[in-house]
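A short worksheet on the structure shown next.
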Amino acid sequence: MPWPRLSSRLPRDVAPNAWARALAERRDAGVPLWDLTETNPTAVGLGGAGPDELAALADPGGLRYEPDPGGIASAREAVARYYAARGSGPLAPEDVVLTASTSEAYAHLLRLLAEPGAEWLVPMPSYPLVEPLAALEGVAVRPYRLEYDRQGGRWHVDFDSLERGLGPRTRAVVAVQPNNPTGSCLAPAELERLEALCEQGRIPLVADEVFADFPWPPPGDAGDAPAAPLPSLAGERRPLTFVLSGLSKVCGMPQLKLAWIALAGPGPARRVAQGGLEWIADLFLSVATPVQLALPRLLEARHAFQARARERLARNLAEIRALVARRPELELCRADGGWAAVLRVPAGRSEEEWALGLLRRGVVAHPGHFYDFPREAYLVVSLVVPPVVLARGLAELEALAAEG
Ligand SMILES: Cc1ncc(COP(=O)(O)O)c(C=O)c1O
């Protein structure tokens, strides 16, 4: 028996697949790679914090420690102002709870809403984040499917799979708006149906909106016209709703470690949830005082960051749209927003073969199964990588596709 004996909630060692092995070998050998999977804004020349934002962390108020489990008032007010500026319904600062990251926000909500053995419903495909966080709390995830309708050119929720997933152990439904990597948001009718199900079943809705400030420009738009903002679930809602976001994506500052949960829904349920969340947050008090004090200034800095990030998104998207126009066997799945593009590639090769073929040419792209795509063959690429990196990666993809 290996020692120390680790909790069974940690993942068992799984043998890496051929692509993951080949990637690790190349990285270990220091082979230069064109990485189309990078989404860390500070690694792609888009970091949102500069000297002014660092200076804001030096507020002398940060010399004192007067913890407030939900976050200090000025920081919660700044989050409420952010939603007001986005045009959301009313959000009281008391309905905001600060966390160190969106991942921590998920962990708090798992602890708040689910006991071991309970279940959360999560979209599939999606970024593989909730499952390990849930496993760490002894909670199981059940997928509900997102399907891409090629005729209509949009993703939609497979409500049969969602309703099949609902059961006596369901403690929350997660909606990622826009989803990573599909970039899809719920259509108004889908949102209404999902909210009705949650309300009837008294099941809270967890809305992960970390990418909601990044709507895609329509085809043909160079990114100078402002794209219509994506809606937020913060504000007045029928079911109890927890909206998650944070500095990582809103401001391009993942290193500053501040995110939040905004509560929405009926007042009595919200107050019970708020009390529980503050009790959990009080055990950790994980958000540092200097970053809380700086939050109003940091959130102001989002405008400049988002303008740069949107310009990058528009330019990279235009490059991909030009590629699929030249190569009709490649398809860009339509999306509402976010930092990822999903490319459907001919299924004559498996996803693994596509990803390996690209890797042999020095290009890293995620195969769809990394995000649990139910069918082959998809590749996922980041839209925030430097345009020169994307252009090189796409040129190699085009050459690989031309090999047939
Ligand atoms: C959809 C989604 N939610 C949350 C996160 C994690 O965000 P944070 O850096 O705030 O933990 C990610 C990370 O990429 C993500 O893709």
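The values are calculated or read from the model by the stated rules, or taken from the named source; none is laboratory data. Since the model is a prediction, treat every value here as computed from it, not as a measurement. Quick reminder, even Gly has a Cβ in these numbers, built from the backbone with ideal geometry, and neighbours come from all protein chains shown.
Quick rundown of the values:
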| item | result |
| --- | --- |
| Members of the range 138-154 found to be closer than 27 Å to ALA172 by Cβ and among the charged types (D, E, K, R), listed by number | ARG142, ARG145, GLU147, ASP149, ARG154 |
| Test: residue in the range 217-229 that is over 21 Å from PRO93 (Cβ atoms) and within 16 Å of the ligand (Cβ to nearest atom) | no |
| Answer from GLU66, GLU94, GLU77 - the residue that is more than 14 Å from the ligand (Cβ to nearest atom) and not in a helix (DSSP H, G or I) | GLU66 |
| Count of the range 15-24 residues which are farther than 15 Å from HIS369 by Cα and either in contact with a Leu (Cβ under 9 Å, 6 or more places away or on another chain) or not in a helix (DSSP H, G or I) (or both) | 3 |
| Among the candidates ARG171, ARG111, residue that is under 30 Å from LEU285 (Cβ atoms) and in contact with a Pro (Cβ under 8 Å, 6 or more places away or on another chain) | ARG171 |
| Residue check, SER103 at pLDDT 95 or above, within 16 Å of the ligand (Cβ to nearest atom), in a loop (DSSP other than H, G, I, E, B) and among the small types (Gly, Ala, Ser) | no |
| Residue in the range 116-135 that is without any contact (Cβ under 8 Å) to a residue 60 or more places away in the chain, closer than 24 Å to THR289 by Cβ and within 11 Å of the ligand (Cβ to nearest atom) present | no |
| Of all residues in the range 237-261 being under 14 Å from LEU191 (Cα atoms) and among the charged types (D, E, K, R), the one that is nearest to the ligand (Cβ to nearest atom) | ARG237 |
| First in the range 19-48 and closer than 27 Å to LEU256 by Cβ, second anywhere and within 16 Å of the ligand (Cβ to nearest atom) and part of a helix (DSSP H, G or I), Cβ under 6 Å, 6 or more apart | LEU46/ALA309; GLY47/PRO41; GLY48/PHE305 |
| Boolean, ALA309 is within 30 Å of VAL388 (Cβ to Cβ), within 15 Å of the ligand (Cβ to nearest atom) and either in a loop (DSSP other than H, G, I, E, B) or in contact with a helix residue (DSSP H, G or I) (Cβ under 9 Å, 6 or more places away or on another chain) (or both) | yes |
| Residue selected from the range 39-58 under the condition loosely packed, with under 15 Cβ neighbours inside 10 Å and under 19 Å from TRP339 (Cα atoms), by the criterion farthest from the ligand (Cβ to nearest atom) | GLY45 |
| Qualifying residue in the range 27-35 (condition: farther than 25 Å from LEU91 by Cβ, in contact with a Pro (Cβ under 8 Å, 6 or more places away or on another chain), surrounded by fewer than 17 Cβ atoms within 10 Å (Cβ to Cβ) and not small (Gly, Ala, Ser)) | no |
| The lone exception for GLU353 - which of (1) part of a helix (DSSP H, G or I); (2) more than 27 Å from PRO32 (Cβ to Cβ); (3) free of Cβ contacts under 8 Å to residues at least 12 places away in the same chain it fails | (2) |
| Output for the range 273-293, where each listed residue is touching a residue at least 12 places away in the same chain (Cβ under 8 Å), aliphatic (A, V, I, L, M) and over 21 Å from ALA55 (Cα atoms) | ALA273, LEU277, ILE280, ALA281, LEU285 |
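So that you can scan it fast, the table gives a plain yes or no per residue for (1) buried (at least 18 other Cβ atoms within 10 Å of the Cβ); (2) assigned to a loop (DSSP other than H, G, I, E, B); (3) among the basic types (Lys, Arg):
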position: ALA322; (1), (2), (3): no, no, no
position: GLU329; (1), (2), (3): no, yes, no
position: LEU343; (1), (2), (3): yes, no, no
position: LEU358; (1), (2), (3): yes, no, no
position: ALA391; (1), (2), (3): no, no, no
position: LEU397; (1), (2), (3): yes, no, no
position: ALA401; (1), (2), (3): yes, no, no
